[in-house]
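Asker: Sharing a structure below in structure tokens format, with a few things to ask.
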Amino acid sequence: MTSPVWHPFTQHGLNEPIPRIVRAEGAVLHCADGSSLIDAISSWWVTTHGHCHPRVAAAIATQAATLDQVIFAGYTHDPAEAVARGLVALAPNGLDHVFFSDSGSTAVEVALKMALGYWNVVDPRRVSIVVMEHSYHGDTIGAMSVGERGAFNRAYEPLLFDVVTVPFPMAGREQATLDSLEAACAAKPAAFIVEPLILGAGGMLMYPAWVLREMAAICARHDVLFIADEVMTGWGRTGTLFACEQADVAPDILCVAKGITGGAIPLAATLASGRIFEAHLSTDRAKMFFHSSSYTANPIACAAAAANLSIWAEEDVLGRIAVLSQGISDRLAGLDRVAFTSPRQQGTIAAVDLVTGDHGYLSSVAPALRAFFLERGLLLRPLGNTIYVMPPYCTDAGQLTCIFDAIAEAGMLFAR
Ligand code: PLP
């Protein structure tokens, strides 16, 4: 019998195999047929310390038996309070208010609504959003609106709002981005939203910290709210807890999700500076922040996030990340420069472009590579001809070697 399950980003008409995963541990996924896979992309970038981390799993079990769920409008609970305090302590300065939601997309929706809510009070003429070319911020309507337009969202264009787009800061062309942002900011938009240091789904495109710092400075000069979407880059992926740290940037609004629970269970948070919170502060109920979802700050998810924060506080996670980053760097340097171009890396995220005439997210090389890696016991999911790795921090040297040996072999077989 065919399954009634409709999978995300999956063309069911191609009848590609869909492995059934029954168990996971560390960097390994175990399949129903007895085989196993190294999770080289942290299951869509969520798993940080490793699958089924005992401290996170124990926190979830204890919380599930204590307080499973409670409405968060007008009620609170210890796990949410602990996580909010922990986030404020860890985040760049000035982000003193934490609004919970349940995915990266909703963290972005909340950020956009906070920005518009702020300007609605301070200067209602400021409504437009500036974005960066090739960005990805999620699949809800607002998140798609501020992301790259293309195959991902063409059918939904009539629902998307207009934005002002600045070019991606390609190496050697950074000034064009800064000039474009300066011009866009002079027109007094509400906010600029950007993925710090790495544009993820847009192709693992990387740009240097000084550009991030300059972009934040331009926004500050024009009083444009700076929204950092750290849904992918947060929780150590780029070598620091948050990518913004590398540019010494304190955004007005910060979006975090994915690794906030170590990747075990959905939770997201949008952190805001005092002025954004205060613009919503009033004795008038009509001026409150109008956003919620049923599971806002679910206690079980918050308990997992609290356990994740304890791991960060008590273990040398950055040390582990440094070792993994070095291992990735060594192996990336060994890849053939004829088969692969543009090797790039930030912390534990690395990417190369396979040399092929077949480009773009919908290129046929991507599913062929995916199937090839699956046969070799690897979960890798190229973005078009861009092969990237983003493994959990517990990935060992042997597993890294397996990942990069398979990528090297793919270069020999698929490069044209
Ligand atoms: N923002 C960025 C930078 C992302 O990479 C993603 C997802 O990959 C999202 C937002 C959306 O997150 P979610 O898939 O949890 O909705």
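The values are calculated or read from the model by the stated rules, or taken from the named source; none is laboratory data. Because the structure is predicted, anything quoted here is derived from the model rather than measured. Backbone-built Cβ (ideal geometry, glycine too); neighbour counts: all protein chains shown. Ligands, DNA and RNA are excluded from the accessible area calculation, which covers all protein heavy atoms including side chains. Shrake-Rupley method; radii C 1.70, N 1.55, O 1.52, S 1.80 Å.
Asker: How many angstrom lie between the C-alpha centres of the range 150-168 and the range 294-359?
Answerer: 28 Å
Asker: Can you tell me how much longer the chain between residue 412 and residue 221 gets when fully stretched, taken as 0.36 nm per residue apart minus their C-alpha distance, in nm with one decimal? Walk me through the numbers on the way to the answer.
Answerer: Working: separation 191, 0.36 × 191 = 68.76 nm, distance 4.99 nm.
Taking residue 412 through residue 221 to full extension adds about 63.8 nm, to one decimal.
Asker: About its Cα centre, what dipole magnitude does the range 202-348 give when the only charges are +1 on Lys and Arg Cβ and -1 on Asp and Glu Cβ, stated in debye to the nearest 20? Walk me through the intermediate numbers first.
Answerer: Working: 11 positive and 14 negative charges, 61 e Å.
The calculation lands at about 300 debye.
Asker: I need the trypsin sites (Lys or Arg not before Pro) found in the range 259-354, filtered to DSSP loop residues with at most 11 other beta carbons within 10 Å of theirs. Write out the running numbers ahead of the final one.
Answerer: On the way: sites: 275, 285, 287, 320, 331, 337, 344; in loops: 337.
Sites meeting the loop and neighbour criteria: 337.
Asker: Here is a follow-up. Does the range 237-314 come out rounded, prolate or oblate by the C-alpha gyration tensor, with a ≥ b ≥ c the root eigenvalues, rounded set by a/c under 1.5 and, if not, prolate when a/b is larger than b/c and oblate if not? Before the final figure, lay out the partial values.
Answerer: Numbers: a/c = 2.74, a/b = 1.34, b/c = 2.05.
Oblate is the answer for the range 237-314, as a/c is 1.5 or above yet b/c matches or exceeds a/b.
Asker: Express in nm, to one decimal, how much length is gained between residue 175 and residue 69 on full extension, taking 0.36 nm for each residue of separation and deducting their alpha carbon distance.
Answerer: The span from residue 175 to residue 69 would gain 33.2 nm if fully extended.
Asker: If you average the C-alpha positions of the range 72-108 and of the range 380-410 separately, how far apart do those two centres end up, in angstrom?
Answerer: Answer, in whole Å: 33.
Asker: Which of 342, 135, 282 moves the most in a Gaussian network model of the chain with Cα springs under 10 Å?
Answerer: Fluctuation is largest for 282.
Asker: Looking at the square roots a ≥ b ≥ c of the eigenvalues of the Cα gyration tensor of the range 113-247, which shape do they give, rounded for a/c under 1.5, prolate if a/b is larger than b/c, or oblate?
Answerer: Cα axes put the range 113-247 in the rounded bin.
Asker: In the chain, with Lys and Arg counted as +1 and Asp and Glu as -1 at Cβ, which of these residues, 289, 208, 159, has the Cα nearest the positive end of the dipole, that is, farthest along it?
Answerer: Selected residue: 159.
Asker: May I ask you to list, by number, the DSSP H helices of the chain whose Cα span along the axis is at least 20 Å and whose average Kyte-Doolittle hydropathy reaches 0.0 or more? Present the calculation step by step, with values, prior to reporting the outcome.
Answerer: Values: long enough: 104-122 (27 Å, 0.86); 299-314 (22 Å, 1.10); 317-333 (24 Å, 0.82); 397-414 (25 Å, 1.21).
Length and hydropathy pass: 104-122, 299-314, 317-333, 397-414.
Asker: Taking only protein heavy atoms into account and a 1.4 Å probe, give the accessible area per residue of the chain in Å².
Answerer: Values: 18450 Å² over 416 residues.
Ligands and nucleic acids excluded, the figure is 44 Å² per residue.
Asker: Now, a different point. Ignoring ligands, DNA and RNA, what percent of the accessible area of the chain is carbon or sulfur (1.4 Å)? Spell out each step's value before the answer.
Answerer: Numbers: 10600 of 18450 Å².
It is 57 percent, rounded to a whole number.
Asker: Sorting 60, 41 by accessible area (1.4 Å probe), largest first, what list results? Before the final figure, lay out the partial values.
Answerer: Numbers: 60 40, 41 5 Å².
Largest accessible area first, the list is 60, 41.
Asker: Moving on. If you take every DSSP beta bridge whose two residues both sit in the chain, what share of them, in percent to the nearest 5, is antiparallel?
Answerer: On the way: 30 of 44 bridges.
Restricted to the chain, the bridges split so that about 70 percent are antiparallel.
Asker: Please state the shape class of the chain: rounded when a/c is under 1.5, otherwise prolate if a/b exceeds b/c and oblate if not, all from the C-alpha gyration tensor. Mind showing how you got there, number by number?
Answerer: Values: a/c = 1.64, a/b = 1.24, b/c = 1.32.
Since a/c reaches 1.5 but b/c is at least a/b, the shape of the chain is classed as oblate.
Asker: Turning to a different aspect of this structure: The range 128-212: which chymotrypsin sites (Phe, Trp or Tyr not before Pro) are DSSP loop and have at most 14 other beta-carbon atoms within 10 angstrom?
Answerer: Values: sites: 136, 152, 156, 161, 192, 210; in loops: 136, 152, 161.
Passing sites in the range 128-212 are 161.
Asker: Just to confirm my numbers, what's the Cα centroid distance between the range 176-239 and the range 1-61 in Å?
Answerer: If we compute the Cα centre of each part, the gap is 32 Å.
Asker: What full-extension length gain, to one decimal in nm, is calculated for residue 376 and residue 32 as 0.36 nm per residue of separation minus the Cα-Cα distance?
Answerer: Values: separation 344, 0.36 × 344 = 123.84 nm, distance 1.65 nm.
Here the segment from residue 376 to residue 32 would lengthen by 122.2 nm.
Asker: Calculate the dipole size of the range 57-314 relative to its Cα centre from +1 charges on Lys and Arg beta carbons and -1 charges on Asp and Glu beta carbons; express the result in debye to the nearest 20.
Answerer: Working: 15 positive and 26 negative charges, 59 e Å.
Computed charge dipole of the range 57-314: roughly 280 debye.
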